[in-house]
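S.K.: So that we are looking at the same thing, I have put the structure below in structure tokens.
The values are calculated or read from the model by the stated rules, or taken from the named source; none is laboratory data. These figures come from a predicted structure and were not determined experimentally. Because the Cβ atoms are built from the backbone with ideal geometry, glycine has one as well, and the counts that use them run over all protein chains shown.
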Amino acid sequence: MTRATKARLLVESSNVLPLVDVEIAFRVGSLQDPIGKEGLAQLTGQLLRRGPHGISADSFEDRLANLGARLTVDTAMRTTRIRATTLRRNLEPLLDLVADMVWRPALRARDFAKLKRHAQASLLSRLDDDQTLGAIHLRERLFAGHPYGRSTSGSADSLRRINLRDAERFYTRYLETGAFIVGVSGDISDSEAESLVDAHFPRRTKKMNGKRDVPATHIRRGRHVVIVDKPERTQTQLYIGTLGARTHDRNLFPLIVSNTAFGGTFTGPLMQEVRAVRGWSYGAYSRLTHSDQRDAWYMWSAPSAEYSADCAALELELLDRWVENGLAKASLKFAQQYLINSHCFNRDTPSKRLESRLDIELLGVPRRYVERHDELVAQVTRKKANDATRARISPRDLVMVVVATAKDVKNAFEKLPGVSSVEVVPYRQP
Amino acid sequence: MASPQSLIERLNRGVTKRNARWSFVNSQPFGTALELRRFRLGNGLSAVTLIDRAAPTVSYHTWFRVGSRHERPGKTGLAHLFEHLMFNETKIRGRGEFDRLMERAGAEANAATWTDWTYYYENAPKNALPLVIELEADRMSNLVLREPQVRSEKEVVANERKLRVDDDIEGRALEQLYATAFRRHPYRWPTIGWMKDIRGFTVEDCRRFYRTHYAPNNATVVVAGDFDERQALSLIQERYSHLSPARQIDTKPRPKEPAQRSERVLRITAPTPTDKVLIGYHAPPFSDPHTPALSVANEVLFGGRSSRLYRLFCLDKELALSVRGAISPFVDPGLFEVWISLREGKRQKDAIALLDKEVARLAADGPSDIELEKAINQIELSFLHSMETAGGKAEQVGFYETVVGSGTAFDRLDAYRRVTPAQVKRAAAKYLRPSRRTRVEISETAA
């Protein structure tokens, strides 16, 4: 049985495996980072993760491991989620440790200095992963000057500016208040969860803070190419993106269906034309993300350097065709069947069911998106899907990021139709 | 649930063809709540069922006992290319129809190939099981292999190789590690194949491979999740029983790797801001009785933030950003791999010296009782997590049936629980010696 025992506690029970997941979720994330101190929310989360007063960080780790537990603090743009998972038999001692960490964190100067150096090193390590590198550049260019374009991890400069006092203030303002939702899933009943959570996480405030008015995102006119120049690339990472939709956009579900038909499945035209017909890339897909303001829509593929620009040209052509001509009736129906039939995999574990419910509480996802998903998908007509695609996806206004060895691809990318600028950025440039 | 004997009696009623008759092999508890049952069809196809009604989904796995170990020099990567080709047309279904039918049903279909096996899986809503069985049985015997498909799929695989190996530092280093550590055994070549070999495959190579390895007596089907066992077995009987077993299945042992007596070192360069080290110590096969103790040693050294080496490398000395260890889960002896990603300006020789010191300490003193308990609890947690979905359970079952040949993952969990500090100490002393290892050092390409 599944029910919310209190407004701030969500429980998803399942006794199939002797495991319990606990999530303490705050509506606070990197959007709360002060300008110039990007990375603060994440750094504070990691400092919290080093444990409570009274025991060393090493002892804290030993105790967690000894319980067969794992603990992470994940910071995203709009949320911070403390996630703990453990063997059922050790749930209570785990909650003792986590509650201590949340209410009485040590926030030690020594740990902070180490974490800052670790965060700087992590920024460098991202340069090894071409796909991540491309995704970061796409967001930065697509949302230039907007909070959505700022990195959750910050930059070398912004991390340098953050001090321990900043982290302490962030904790006091956003985390210590107890303005969070607790989610529990797994081998536990509603009443057990309720009594354990009441004992460990008594309510301190009624208000969920962190709600912040984010300015509207604006589309950058024209087609802009950014080549992230990395030596010795035999292959490229290619992202082509523009703005997509808001969570509360009336076009959202029609656009989800339309995007699924275009590039959301293996049999959609994007994957078929790029991979199945030409063998140009191991994969090719399009993704639609949504947020309070219009978030990103993008295509991804990884073609060889020798035909990267040809692949980009093909994707532009497919994009034009999708937006101008719309979907055929059969494609629409296929996408709807796929979305409805595969929806069971979004809720086949207690932790997935819990995540959906937390999204409603934390991200403002309308309840009907989760509870009436199949109906909303089925209601999309061909006209609605095609109108939504034309209203939201602008093939004329695109950011194209290609991680490649610039000398191998630059000329060909300059010749792509409608390109208004080509910029080459060294891959190690911050 | 009907007893397996009465189940097969009903399924075999009126069935006269030998290939179509089921036999019951055995059953075994799977954890505390579930039961695994093994059956065999007359043509040699093994089927394992595991009913779990936690979610309205079913996972269908087909594990073939063929991987890159069955290839030969000049034809490396064929098992993997073939995995791609299995998604193409059959005698009765056109190109792309397999994926279209699966996606329309809401099923996720994919596959994987490694050294000792290839498996195909579908995670599907429970009502799609008949379709899944029909399509899997069809492609086991009716695949059509033509020049255009082989040509385009070779290009896809070449691109996959660039993505995962040529332009990926860890992928490149791993390939070099195995190519250097192994001199005779087929584990020396990469499962994805050398680029020259990928480019050179012909349609006839693929047809021969299909005829040789894709037969019911070289496969195990696993059905896990929410399904009707009788209906599933009946459908398998209906769809697969016309298939004839292959006359000769390649089960011959591969050449034994000669013992390594001194360390081998290889240096490669790449565009990377920090140095890395990849090390491989020769390790026992997955089913060897020493492997659980070595796995516990791995957990003590590398498992999570409280492990000895994470703490030393990443926190105390700040030498590395990450350290990891893993044992290759192979039929024959593989490698105990160690990956160290250094921080900017830190030196590989300092990292290796620290690694050697800590490994020697474990080999001399073993783990403490608390470390052992911690390691086993962490292994149990990872294990249980891998079992959350029907797909996770089917994968574990398929892997054990194919690589170990008997027992279940829960038996392995029991084996971990029986490991003693003395066994960990002995395993570390025996296997983690510098003379048994190969080292790949990665540093930045000179500007």
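S.K.: Quick check on my filter: what residues within the stretch B:265-290 are crowded, with 24+ Cβ neighbours inside 10 Å and among the β-branched types (Val, Ile, Thr)?
M.R.: B:ILE279
S.K.: Being surrounded by fewer than 21 Cβ atoms within 10 Å (Cβ to Cβ), among the small types (Gly, Ala, Ser) and either under 30 Å from B:PRO56 (Cα atoms) or in contact (Cβ under 8 Å) with a residue 40 or more places away in the chain (or both) narrows it down to one residue among A:GLY36, A:GLY29; which is it?
M.R.: A:GLY36
S.K.: Please go through the stretch B:171-188 and pick out each residue that is charged (D, E, K, R) and either closer than 22 Å to B:HIS84 by Cβ or out of contact with any helix residue (DSSP H, G or I) (no Cβ under 8 Å at 6 or more places or on another chain) (or both).
M.R.: B:ARG172, B:GLU175, B:ARG183, B:ARG184
S.K.: I would also like to ask the following. Would the stretch B:359-376 turn up any residue that is within 11 Å of chain A (Cβ to nearest Cβ) and touching a His at 6+ places or on another chain (Cβ under 8 Å)?
M.R.: Checking the stretch B:359-376: not a single residue is within 11 Å of chain A (Cβ to nearest Cβ) and touching a His at 6+ places or on another chain (Cβ under 8 Å).
S.K.: Assess whether B:VAL397 counts as being buried (at least 22 other Cβ atoms within 10 Å of the Cβ), free of Cβ contacts under 8 Å to residues at least 60 places away in the same chain and under 30 Å from A:ARG88 (Cα atoms).
M.R.: So B:VAL397 does not fit the description; no.
S.K.: Checking A:LYS114 against (1) buried (at least 17 other Cβ atoms within 10 Å of the Cβ); (2) within 13 Å of another protein chain (Cβ to nearest Cβ); (3) closer than 30 Å to B:ARG164 by Cα; (4) among the basic types (Lys, Arg), only one condition comes out false. Which one?
M.R.: Here A:LYS114 meets the rest and fails (3).
S.K.: Among the residues of the stretch A:294-318, which ones are under 13 Å from A:GLY263 (Cβ atoms), surrounded by 23 or more Cβ atoms within 10 Å (Cβ to Cβ) and away from chain B (no Cβ under 14 Å)?
M.R.: A:TRP297, A:TYR298, A:MET299, A:GLU315, listed by residue number.
S.K.: When only residues in the stretch B:157-186 that are buried (at least 20 other Cβ atoms within 10 Å of the Cβ) and assigned to a loop (DSSP other than H, G, I, E, B) count, which is farthest from the chain's Cα centre (by Cα)?
M.R.: The qualifying residue farthest from the chain's Cα centre (by Cα) is B:ASP167.
Every residue, every condition in (1) away from chain B (no Cβ under 11 Å); (2) within 21 Å of A:ALA119 (Cβ to Cβ); (3) assigned to a loop (DSSP other than H, G, I, E, B), yes or no:
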site: A:LEU17; (1), (2), (3): no, no, yes
site: A:GLU23; (1), (2), (3): yes, no, no
site: A:VAL28; (1), (2), (3): yes, yes, yes
site: A:LYS37; (1), (2), (3): yes, yes, yes
site: A:GLN42; (1), (2), (3): yes, yes, no
site: A:ASP62; (1), (2), (3): no, no, no
site: A:THR72; (1), (2), (3): no, yes, no
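S.K.: Also, quick follow-up: For residues that are of a type outside the set (S, T, N, Q) and surrounded by fewer than 17 Cβ atoms within 10 Å (Cβ to Cβ), scanning just the stretch B:211-231, find the one that is modelled with the lowest pLDDT.
M.R.: My answer is B:ARG211.
S.K.: Could you say which residue among A:ARG278, A:ARG220, A:ARG204 is at pLDDT below 95, at negative phi, within 14 Å of chain B (Cβ to nearest Cβ) and surrounded by fewer than 21 Cβ atoms within 10 Å (Cβ to Cβ)?
M.R.: Selected residue: A:ARG278, the only one of A:ARG278, A:ARG220, A:ARG204 that is at pLDDT below 95, at negative phi, within 14 Å of chain B (Cβ to nearest Cβ) and surrounded by fewer than 21 Cβ atoms within 10 Å (Cβ to Cβ).
S.K.: Are any of the residues in the stretch B:383-398 of a type in the set (D, E, K, R) and in a helix (DSSP H, G or I)?
M.R.: Yes.
S.K.: What is the number of the single condition among (1) in a helix (DSSP H, G or I); (2) at pLDDT below 95; (3) in contact with a helix residue (DSSP H, G or I) (Cβ under 6 Å, 6 or more places away or on another chain) that A:PHE262 does not meet?
M.R.: Only one criterion in (1) in a helix (DSSP H, G or I); (2) at pLDDT below 95; (3) in contact with a helix residue (DSSP H, G or I) (Cβ under 6 Å, 6 or more places away or on another chain) is unmet by A:PHE262, namely (2).
S.K.: Within the stretch B:134-156, restricting attention to residues that are at the interface with chain A (Cβ under 8 Å from one of its Cβ atoms) and touching a residue at least 60 places away in the same chain (Cβ under 8 Å), which residue is surrounded by the most Cβ atoms within 10 Å (Cβ to Cβ)?
M.R.: B:GLU153
S.K.: Looking only at the stretch A:290-302, decide whether some residue is under 30 Å from A:THR85 (Cα atoms) and polar (S, T, N, Q).
M.R.: yes
S.K.: Quick one: in the stretch A:417-429, which of the residues that are surrounded by fewer than 17 Cβ atoms within 10 Å (Cβ to Cβ) and not in a strand (DSSP E or B) is nearest to the other protein chains (Cβ to nearest Cβ)?
M.R.: Result: A:ARG428.
S.K.: Here's another thing I want to ask about it. Considering only residues of the stretch A:283-292 that are within 14 Å of chain B (Cβ to nearest Cβ) and surrounded by fewer than 22 Cβ atoms within 10 Å (Cβ to Cβ), which is farthest from A:PRO303 (Cα to Cα)?
M.R.: This residue is A:TYR285.
Each row is one residue, and each column tells you yes or no for (1) within 14 Å of chain A (Cβ to nearest Cβ); (2) within 26 Å of A:TYR282 (Cβ to Cβ).
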site: B:LEU41; (1), (2): no, no
site: B:ALA47; (1), (2): no, no
site: B:ARG53; (1), (2): yes, no
site: B:SER59; (1), (2): yes, yes
site: B:TRP63; (1), (2): no, yes
site: B:VAL66; (1), (2): no, yes
site: B:GLY74; (1), (2): no, yes
site: B:ALA79; (1), (2): no, yes
site: B:PHE82; (1), (2): no, yes
